[in-house]
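Peer 1: What follows is a structure written as structure tokens; I'll ask about it next.
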Amino acid sequence: MRDVRTIWWDDGIRMIDQTRLPAELVTIKIETVQDLCEAILSLRIRGAPALGAAGAYGVALAAICSRSIAPEDLLRDLDRAGDIIKSTRPTAVNLSWGVDRVRKAVAGADDADADEIRDAALNEAERVADEDVAVNRALGDIGAELLEDGDVVLTHCNAGRLACVDWGTALGVIRSATEQGKDIRVYACETRPLNQGSRLTAWELVEDKIPATLICDSMAGMVMRQGLVNKVIVGADRITCDAVFNKVGTYAHAVLAKEHGIPFYVVAPLSTFDLGQREEDIVIEERDPDEVRWAGGVQLAPSKVKVYNPAFDATPLDKVTGIITEKGIIERADMVRGL
Ligand code: MRU
């Protein structure tokens, strides 16, 4: 696992199929934009930074698949493909950011021919992926300073290497602290309905031999009350000027952490910030009701019961102790003054 990125270019987009974990580590090759959209929608690839790379590689793939010869036709194809890719998941801002990075890199290429545009698109996508790894390492180095030997951290969803190109944001901080020789233990919340915590975070921690305990989401309050954790660290899908959007359930952990005097940290690259927007401007993705009615092929609820299945929630910044970015830590006092 150490040498394998979550997503990379290999004559097409190659990615770990995260729907197959933890049972098996399988990679798939994506050769069309349509298949990429299916992979994003079905969470074969997921997690904000990994989606940024998927968006960037998706535009490069569209360039390579396009039969257009005239540069203006090719650029129009890229724009169209980018819009389709962006529409698959509306909340995680990195997807749009990755698409736009590549579109902008080729947009002004009036004097380039079609092959030069294809090369430029792929080069920019590779840069997006490489930068993600470097940024995650920086997040890890900065965030690890907040962790002390013996800390026990609660985390939600998966903000590990599987959510990024490599290393991870929230789990990256834990990984970096562990690499520095600190003894860090983790409580991983299972993260219903799609269980990114039990399927992916628990798998990553077991792979890396970082001591981990899996709990159901509903156990977090009791675990905090019993004093079993002393920090909460999560990732983010979008940070507006007033809130952190992350996997649904994060808000409850933040409220509980504040009630119990436990620091609540968010780890996110600057590409996740969207400070021109407020909480109410953001569309929260609502997913298939059957994700709640069913789990692992077993029916858990009547087919006709009404379901509410938002994929993300918003945590107001006054509940956040600090946001760790690759440029440093933003403290709560600065957040309250205005991001
Ligand atoms: O629906 P998902 O699995 O894409 O949601 C992922 C999360 O909410 C992660 O916590 C977030 O993307 C942070 S990733 C480093």
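Peer 1: Determine the per residue accessible area of the range 7-137 with all protein chains present and a 1.4 angstrom probe, expressed in square angstrom. Let's see the in-between values first.
Peer 2: On the way: 5520 Å² over 131 residues.
Accessible area per residue: 42 Å².
Peer 1: While we're looking at this one, here's another question. Rounded to two decimals, what is the ratio between the C-alpha radius of gyration of the range 145-337 and 2.2 N^0.38 Å? Present the calculation step by step, with values, prior to reporting the outcome.
Peer 2: Working: Rg = 16.3 Å, N = 193, 2.2 N^0.38 = 16.3 Å.
Here the Cα radius of gyration is 1.00 times the empirical estimate.
Peer 1: Then there is this: Rounded to the nearest 10 Å², what accessible area does T178 show when all protein chains are kept and the probe is 1.4 Å?
Peer 2: 50 Å²
Peer 1: Quick one: net charge of C189's neighbours, Cβ under 11 Å, K/R +1, D/E -1?
Peer 2: 0
Peer 1: To make sure I understand the rule: partners must be lysines, Cα under 28 Å from the Cα of K209, and not fewer than 8 residues away in the same chain. Which ones qualify?
Peer 2: Those lysines meeting the cut-off are K182, K231, K247.
Peer 1: Cross-link partners among aspartates and glutamates for K304, C-alpha distance below 16 Å, same-chain residues fewer than 8 apart left out?
Peer 2: Excluding near neighbours in sequence, the set is D288, D290, E291.
Peer 1: At q = 0.17, 0.21, 0.25 Å⁻¹, what log₁₀ I(q)/I(0) does the range 265-310 have when each alpha carbon counts as one equal point scatterer in the Debye sum?
Peer 2: Ignoring solvent entirely, the Cα scatterers give -0.69, -0.77, -0.90.
Peer 1: Still on this structure: Residues of the range 224-307: accessible area per residue at 1.4 Å, in Å²? Mind dumping the intermediate values first?
Peer 2: Values: 4140 Å² over 84 residues.
For the range 224-307, the per-residue accessible area is 49 Å².
Peer 1: What distance in nm separates the two pseudo spin-label positions at A333 and R67, each 7 Å out from Cα along the beta-carbon direction?
Peer 2: Here the modelled spin labels are 6.4 nm apart.
Peer 1: Still on this structure, I have one more. What does the net charge come to around L275 if you take all other residues with beta carbon closer than 11 Å to its beta carbon, with K and R at +1 and D and E at -1?
Peer 2: That sum, taken over residues with Cβ under 11 Å, equals 0.
Peer 1: Also, I was wondering about something else. Relative to 2.2 N^0.38 Å, what does the C-alpha radius of gyration of the range 278-339 come to as a ratio? Two decimals please.
Peer 2: 1.70
Peer 1: Have a look at S303, S198, S66 and tell me which one the Gaussian network model of the chain (Cα, springs below 10 Å) gives the largest fluctuation.
Peer 2: S303
Peer 1: Follow-up question, since we're still on this one. Please work out the Cα convex hull volume for the range 7-137 and give it in Å³ per residue. Write down the numbers at each step before the final one.
Peer 2: Working: hull volume 12.4 nm³, N = 131.
Considering the Cα atoms of the range 7-137, their hull volume per residue is 95 Å³.
Peer 1: Follow-up question, since we're still on this one. Could you work out the local net charge near S66, counting Lys and Arg as +1, Asp and Glu as -1, over the other residues with Cβ closer than 10 Å to its Cβ?
Peer 2: Numbers: positive: R67, R76, R80, R118; negative: D73, D77.
Residues close to S66 contribute a combined charge of +2.
Peer 1: Could you check how many percent of all C-alpha pairs in the chain are farther apart than 26 Å? Working shown, then result.
Peer 2: Working: 26742 of 57291 pairs.
Value for the chain: 47 percent of Cα pairs lie more than 26 Å apart.
Peer 1: Tally up the carbon and sulfur contribution to the accessible surface of the chain as a whole percent, 1.4 Å probe, everything protein left in place. It would help to have the intermediate numbers written out before the result.
Peer 2: Details: 7200 of 14390 Å².
Within the chain, the accessible surface is 50 percent carbon and sulfur.
Peer 1: What accessible area, in Å² to the nearest ten, does a 1.4 Å probe give for T315?
Peer 2: The accessible area of T315 comes to roughly 0 Å².
Peer 1: What is the log10 of I(q)/I(0) for the range 1-58, computed with the Debye formula using one identical point scatterer on each Cα and no solvent, at q = 0.19 Å⁻¹?
Peer 2: Results for the range 1-58 at q = 0.19 Å⁻¹ read -0.60.
The values are calculated or read from the model by the stated rules, or taken from the named source; none is laboratory data. As the structure is a prediction and not an experimental result, all values here were calculated from the model. Heads up, the Cβs are rebuilt from the backbone with ideal geometry, glycines too, and the neighbour counts pull from every protein chain shown. The area values use the complete protein model at the heavy-atom level, side chains included, leaving out ligands, DNA and RNA. Shrake-Rupley method; radii C 1.70, N 1.55, O 1.52, S 1.80 Å.
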